[in-house]
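Participant: Sharing a structure, written as structure tokens. Questions coming.
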Amino acid sequence: MSERAPSTRENLLGLDRRALEAWFAARGERPFRARQLLPWVHRRGLGDFAPMTDLGKALRARLAAEAELRAPLVEAEQRSADGTRKWLLRLADGNAVEAVLIPDGGRRTLCVSSQVGCALNCRFCATARQGFGRNLTRHEIAGQVWAVTRRLRAEALAAGDAALAARPLTNVVLMGMGEPLLNLEEVLPVLRLLVDDLAYGLSRRRVTVSTAGVVPAIERLAAGCDVALAVSLHAPDDALRDELVPLNRKYPVGELLEACRRYAAGAPQRSVTFEYVLLDGVNDSPAQARLLARRLEGIRCKVNLIPFNPFPGAPYRRPPAERVDAFRDALLRAGVRTITRRPRGDDIDAACGQLVGRVRDRTRRSRRMAEEAQA
Ligand code: SAH
């Protein structure tokens, strides 16, 4: 697929309802065609137009000539002992990203990527090591959900599980590779597809965008599509956060928390999930927990503690279990709703912060360096 000549047909996979209506209208077709097309593509998982019988023969021929439904190619799959699955998805330009499925009781959460690599350079994250490749397009982001949903549906049907086939995913989180709020323009249409009843039909509380704290984009997210917000905080003060999350030098803790407070106050059911990766001896003391609790006062929120997931060459360690519990207890005593996230899929490098995918340019550069070293 990556060898194929660039297509002149327009990819419709990542277009939300409004964009699809405009696409039909611009061709002199009736806009409600969008409402017919969406369920075929996203609920049934069709990849071509021929079987879409309610669209009429002429329109289907026109769609086949002018449009396409093209997703990243699922290239490899790894399965964890705990049921977590990770896919490497190849993009048309040769780059690759990863998506992770985390089954948990009745919940099936898909974690998708928003960029090739990441520019933020958080010290504790494996994705940062490969640098930034590029933004994913809306088609590539929606395509991860589409490709995985199709696969899960086919598996469920083969196993005779009609209920599972009808609802392969219950939650989607933008917590894979990349910073979604630095690619909001491409992320927003995908969020709208995820919550659209004619497409994936997920509840707004079951679609989560996670950010390292791009303050101005938080407001734009709230205005663009009302979904759940997670903020990767990791430190209660600027001195430490500047070091762990370099983006903090641009948007310090005070400004970030103020944006979160406004976000949570913006609608009655809204709250913010703060993610806090626990690094042994760095940000995991009871005093830091108490400071964190003080700073979160007045914000409708909960805290997800993530014991550090190691990767080769990482400068940190996971704290001992007692220390994780003590941190959690200090937050609970201060009245903060807190849970500790179990590491999932860490045996296949699918846990938070372990995704690497592949950035094409880097690979080339390292190949050249290897060749030069040999010469
Ligand atoms: N850029 C976004 C989304 C991707 S990261 C963000 O920063 O929120 C998804 C989550 O994994 C973030 O909370 C991130 O801080 C966390 N994470 C990164 N590296 C980790 C590691 N090595 N161990 C545990 N969590 C990690």
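Participant: 5 Å is the cut-off here: which amide hydrogens, built 1.01 Å from N in the peptide plane, fall below it relative to residue 232, excluding neighbours closer than 5 in sequence?
Facilitator: Correct list: 211, 212, 213, 275.
Participant: Would you calculate a helix-derived [θ] at 222 nm for the chain, using -39,500 (n - 2.57) for each DSSP H run of n ≥ 4 and dividing by the full residue count, to the nearest 500?
Facilitator: Using -39500 (n - 2.57) per qualifying helix, the result is -11000 deg cm²/dmol.
Participant: With a 10 Å radius around each residue's Cβ, average the other Cβ atoms per peptide and rank 100-111, 142-153, highest first. Show your work: numbers first, answer last.
Facilitator: Values: 100-111: 17.8, 142-153: 22.5.
Going from most to least packed, we get 142-153, 100-111.
Participant: List the residues whose amide H sits under 5 Å from the amide H of residue 104, counting only those 5 or more places along or on another chain, with H placed 1.01 Å from N in the peptide plane.
Facilitator: Those qualifying (amide H under 5 Å, at least 5 residues apart or on another chain) are 109.
Participant: For segment 31-36, just list the computed ³J(HN,Hα) in residue order, Karplus coefficients 6.51, -1.76 and 1.60, θ = phi - 60°, integers in Hz, with x standing in for Gly and Pro.
Facilitator: x, 5, 4, 4, 6, 7
Participant: Run the lone-cysteine check on the chain: no other Cys C-beta under 4.7 Å from the residue's C-beta.
Facilitator: 111, 118, 225, 260, 301, 352
Participant: Using θ = phi - 60° and the Karplus curve 6.51 cos²θ - 1.76 cosθ + 1.60, what whole-Hz ³J(HN,Hα) does each residue of segment 317-330 get, with Gly and Pro shown as x?
Facilitator: Ordered by residue, 3J(HN,Hα) equals 10, 6, x, x, 4, 4, 6, 4, 5, 5, 5, 4, 5, 5 Hz.
Participant: Let me ask something else. If I model a spin label at residue 159 and residue 290 as a point 7 Å from the Cα along the Cα→Cβ vector, what separation in nanometres do I get?
Facilitator: Output for this residue pair reads 4.9 nm.
Participant: Here's another thing I want to ask about it. Å³ per residue of the Cα convex hull, for the chain?
Facilitator: Dividing the Cα hull volume of the chain by its residues yields 160 Å³.
Participant: If amide H atoms are built 1.01 Å from N in the plane of the peptide, which residues on other chains or at least 5 residues away come under 5 Å of the amide H of residue 338?
Facilitator: It is 303, by chain and number.
Participant: Summarise the accessible area of the chain (1.4 Å probe, protein heavy atoms) by the percent that is carbon and sulfur.
Facilitator: 50
Participant: Projected area of segment 263-332, taken from the Cα convex hull and averaged over every viewing direction, in nm²? Display every interim value, and only then the final one.
Facilitator: Values: hull surface 21.6 nm².
In nm², the orientation-averaged hull projection of segment 263-332 is 5.4.
Participant: On to the next question. What would the Debye formula give as log10 I(q)/I(0) at q = 0.16, 0.21, 0.27, 0.29 Å⁻¹ for the alpha-carbon point model of segment 10-68, no solvent?
Facilitator: Normalising to I(0) and taking log10 leaves -0.41, -0.75, -1.37, -1.62.
Participant: Between residue 26 and residue 93, 0.36 nm times their residue separation minus their Cα-Cα distance comes to what?
Facilitator: Here the segment from residue 26 to residue 93 would lengthen by 21.2 nm.
The values are calculated or read from the model by the stated rules, or taken from the named source; none is laboratory data. Source: prediction; values computed, not measured. As a convention, Cβ positions derive from the backbone with ideal geometry for all residues, glycine included, and neighbour counts pool all protein chains shown. Surface accessibility is based on the protein's heavy atoms, side chains included, excluding ligands, DNA and RNA. Shrake-Rupley method; radii C 1.70, N 1.55, O 1.52, S 1.80 Å.
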